[in-house]
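Contents: one structure, followed by commentary.
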Ligand SMILES: [Zn+2]
Ligand SMILES: [Zn+2]
């Protein structure tokens, strides 16, 4: 791992500072286990507190958090992609227009925004994905740390191996996180602007301006995003001028 990140990321940082030094939790220090002299439990990762250095940032501004990502179709990656800190909230566009909204996975617009050609659905926003990824990490490591503390307390894990075990869990999480970052890029690239591109090609395939004008008129009643209609209208203008 690189000790420092000198590049300023355009997205919220999944990791900015090194892990905070541990302080002994008072409730655990009296545990009846045989800790080595001077041993203190690492604290649970504080919620909303970044504690990990980045390897770097890719050209698209996404962080690189592991050199050995798991496959992007790994079930744990799917779990990360499906996670939202606010699981019931619709995207802003659907809320504004009273549309039904469905979260498919991070990187993909909701089906309604996808169909209407909305260019900025929140569910496809890299910043939204990274915020959820940070929240997932905090909860995951928090839970895993609790599990390890429990194992030390019940004697199934030697206290001297705690840091090693926790570090392994951290490394494994960041491999999954990197797989999720890769998958986000793939999904985002495949779905981004899909409807506008589709209607653009459709408009290009129409050579009769009257037919295209009727098509545009019909589309205006469907709630298609104005960007899509403008694109088709440009083709109509070109047909009239040709
Ligand atoms: Zn929506
Ligand atoms: Zn949406």
query = Kirkwood Rh over Cα pairs of segment 56-191 into Stokes-Einstein at 25 °C, 0.890 mPa s: D in µm²/s?
reply = 150 µm²/s
ask   = What nm value, rounded to one decimal, do you get for the distance between residue 74 and residue 233 when each label is placed 7 Å out toward the C-beta?
value = 4.9 nm
key: Quarter of the Cα convex hull surface for segment 58-113, i.e. its orientation-mean projected area (nm²)   = 5.2 nm²
inquiry  = How high is the relative contact order of segment 194-241? Use alpha-carbon pairs under 8 Å, at least six apart in sequence, and give a whole percent.
reply    = 53 percent
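Highest first, please rank the peptides 63-74, 179-190 by the mean number of other Cβ atoms sitting within 10 Å of their residues. Working shown, then result.
Numbers: 63-74: 16.6, 179-190: 19.2.
The densest-packed peptide leads the list: 179-190, 63-74.
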message = Cβ neighbours within 10 Å, averaged per peptide: list 127-134, 211-218 in order, most packed at the top.
response = 127-134, 211-218
message = Can you bin every Cα-Cα distance in segment 194-241 into 5 Å intervals starting at zero and give me the percent of pairs per bin, rounded to whole numbers?
response = 5, 24, 39, 24, 8, 1
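None of the figures in this text is laboratory data; all of them are computed from the coordinates on show. Fair warning: this is a prediction, and the values are worked out from it, not measured in the lab. With ideal geometry, Cβ positions are generated from the backbone for all residues, glycine too; neighbour counts draw on all protein chains shown.
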